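Worksheet: the structure to be examined is printed underneath.
The values are calculated or read from the model by the stated rules, or taken from the named source; none is laboratory data. None of these values were measured; they are calculated from a predicted model. Cβ sites come from the backbone with ideal geometry, for glycine too, and all protein chains shown count toward neighbours.
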Amino acid sequence: MSTTVSAPAGAADATDVRVISHWIDGAERVSTSGRTAPVYNPATGAVSARVALADQAEIDEAIASAQRGFEVWKDYSIAKRQTVLFAFRELLNARKGELARIITAEHGKVVSDAIGEILRGQEVVELATGFPHLIKGAYSENVSTGIDVYSLRQPLGVVGIISPFNFPAMVPMWFFPIAIAAGNAVVVKPSEKDPSASLWIAQLWKEAGLPDGVFTVLQGDKLAVDGLLTNPVVQSVSFVGSTPIAQYIYETASRNGKRVQALGGAKNHMLVLPDADLDLVADQAVNAGYGAAGERCMAISVVLAVEPVADELIAKIVERIGKLKIGNGAGVDGVEPDMGPLITGVHRDKVSSYVDIAEQDGATIVVDGRGFTVDGHEDGFFFGPTLIDEIPTTSRAYQEEIFGPVLEVVRIQTFQEGLDLINSGQFGNGTAIFTNDGGAARRFQNEVQVGMIGINVPIPVPVAYHSFGGWKASLFGDAKAYGVHGFDFFTREKAITSRWLDPATHGGINLGFPQN
Ligand code: NAD
């Protein structure tokens, strides 16, 4: 069965484009809110569709449908739930190319990178197929004479997932395979900038046999988010996005009595020691700095070069930047570029303004991506790879997240100076050290105040059976995404103390506290 959602064609103006709708009760639900937002094809700059923005009635309807879905799904046997998950995994794997093209059309990243994001999400689906082992309880026999204690884990109910624009498939997949496997019903609120991937996934779940209402897509803006944060039916909120919004989500959802996992922004540093292989470092800095046009929360934004390596390393990075092909992520005549555009013109201008700030603050702009255009795509939201040397650490361009293809170099004298700089920043998402010195790497992993660390690995996104999450302003709360944390987050534990009464051992009346 084919999907009803296809890659947007890209229209010249906003008047004749389709409206991307919700998915409620196992079908697309046309919005009647009268509110929409534009969705762009970032490579052409054209409005390719408009996305519905839910009103309060649609928010309530989506949550009520999810509650009905939960009532059905929670009683599905483990074996039946596993069958649906395996079917979903097979469909996703077979048809990931369709989804990748939808992502590229709305996000702009190159198709092979979109496939990569789907495969990292698929890892979590594969982990979730093994859920019976991960949510099974424990049993202790005869804790006291004739008394057994056992525990079991139950689903929470309706759970909300609010995702950012930069991984429209992978980030929701960090959460919903585990939530659904554990017996919950999910309401996904995608980014309004690239809302189609979630709709395509909803269709896939239906084909896999998931009952209606268990996977709901609620398109919208702050109103929809606030609806999830405050509706008493919603039991938990999983959020990924920028730090100020993550903090708002954490505080508001907690105040409303919900479980929250809220992952925020980042500014990831790569510490390069003088003994490192500089060709390897230059390759990895370019891959991690400019992949997906720097719109990754695990992108490398800062290279901390322990002297005397900075001049040689910068020369190697410049040489590699010169060979990068930038263009339409969908490819032209079957040839895919290395890097696509940024998500919107507004974001491109914001990235550009950070390069202005760096320049004003005295940094050297070694490679300047401002004003970059692609032939035949002059209205696309392109920004060229940018390399900034000697960025002052007092500059806002160093301290804040830029989220674009901008790599900054800070020249330092010692390992300790690098460690102190990383630990003094507000974020703690990812970091990497490049060295052949095992002792230095071991000290780094021990002392750095960051949640995910790469040792000669630039983008250390943990595999599905470990958990993903940063420290400090990169994660609010204590629940990371996926892995064992994910199964704990999406289930509630009960402990049962049981005795089958036997007149011979029954102790009669005793008002004291139970003892062994
Ligand atoms: P964003 O915070 O602007 O939006 C994220 C979600 O929040 C969207 O669904 C959006 O509709 C909603 N939202 C936006 N403003 C809101 C408001 N005022 N009230 C309520 N909801 C609101 O983030 P983005 O620009 O879509 O994504 C980029 C950010 O996400 C970057 O900061 C990046 O580092 C971060 N990110 C972090 C991780 C991680 O794992 N830590 C992963 C991916 C992205």
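General observations
- Residue match in segment 35-51 (condition: over 28 Å from LEU119 (Cβ atoms) and touching a helix residue (DSSP H, G or I) at 6+ places or on another chain (Cβ under 8 Å)): yes
- On the stretch given as segment 489-516, residues that are buried (at least 19 other Cβ atoms within 10 Å of the Cβ) and farther than 19 Å from PRO164 by Cβ total 2.
- 2 or more residues modelled with pLDDT of 95 or more, within 15 Å of the ligand (Cβ to nearest atom) and in contact with a helix residue (DSSP H, G or I) (Cβ under 7 Å, 6 or more places away or on another chain): qualifying strands (runs of 3 or more DSSP E) within segment 100-190: 158-162, 185-189
- Filtered residue count, segment 463-474, keeping only those that are buried (at least 19 other Cβ atoms within 10 Å of the Cβ) and under 21 Å from PHE444 (Cα atoms): 6
- Among residues of segment 214-234 that are in a loop (DSSP other than H, G, I, E, B), those with a beta-carbon under 8 Å from a residue that is acidic (Asp, Glu) and within 12 Å of the ligand (Cβ to nearest atom) at least six positions away or on a different chain give the pairs GLN219/GLU192; GLY220/GLU192; ASP221/GLU192.
- Flag for VAL240 being within 11 Å of the ligand (Cβ to nearest atom) and aliphatic (A, V, I, L, M): yes
- Residue match in segment 193-214 (condition: surrounded by 19 or more Cβ atoms within 10 Å (Cβ to Cβ), among the polar types (S, T, N, Q) and over 30 Å from GLY45 (Cβ atoms)): no
Here's the yes/no breakdown for (1) on the phi > 0 side of the Ramachandran plot; (2) crowded, with 23+ Cβ neighbours inside 10 Å; (3) not assigned by the TED database to the domain that holds LYS316:
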{"site": "PRO385", "(1), (2), (3)": "no, yes, no"}
{"site": "ILE388", "(1), (2), (3)": "no, yes, no"}
{"site": "ARG396", "(1), (2), (3)": "no, no, no"}
{"site": "VAL410", "(1), (2), (3)": "no, no, no"}
{"site": "VAL461", "(1), (2), (3)": "no, no, yes"}
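- Some residue of segment 263-282 being out of contact with any Gly (no Cβ under 7 Å at 6 or more places or on another chain), of a type in the set (Gly, Ala, Ser), within 14 Å of the ligand (Cβ to nearest atom) and in a helix (DSSP H, G or I): no
- Top-ranked residue in segment 399-414 [being of a type in the set (A, V, I, L, M) and within 25 Å of GLY327 (Cβ to Cβ); ranked as farthest from the ligand (Cβ to nearest atom)]: LEU407
- Those helices (runs of 4 or more DSSP H) lying entirely in segment 400-516 with at least 1 residues basic (Lys, Arg) and without any contact (Cβ under 8 Å) to a residue 60 or more places away in the chain: 438-447
- GLU90 meets each of the listed conditions (1) closer than 17 Å to LEU199 by Cβ; (2) surrounded by fewer than 16 Cβ atoms within 10 Å (Cβ to Cβ); (3) acidic (Asp, Glu) apart from (1).
- Only listed residue being in contact with a Gly (Cβ under 7 Å, 6 or more places away or on another chain) and at pLDDT 95 or above, chosen from PHE444, PHE434, PHE382, PHE372: PHE372
Yes/no per residue for (1) modelled with pLDDT under 95; (2) within 16 Å of the ligand (Cβ to nearest atom):
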{"residue": "ALA292", "(1), (2)": "no, yes"}
{"residue": "PRO308", "(1), (2)": "no, no"}
{"residue": "ARG320", "(1), (2)": "no, no"}
{"residue": "VAL335", "(1), (2)": "yes, no"}
{"residue": "LEU342", "(1), (2)": "no, yes"}
{"residue": "ASP349", "(1), (2)": "no, yes"}
{"residue": "GLU359", "(1), (2)": "no, no"}
{"residue": "ALA363", "(1), (2)": "no, no"}
{"residue": "ILE391", "(1), (2)": "no, no"}
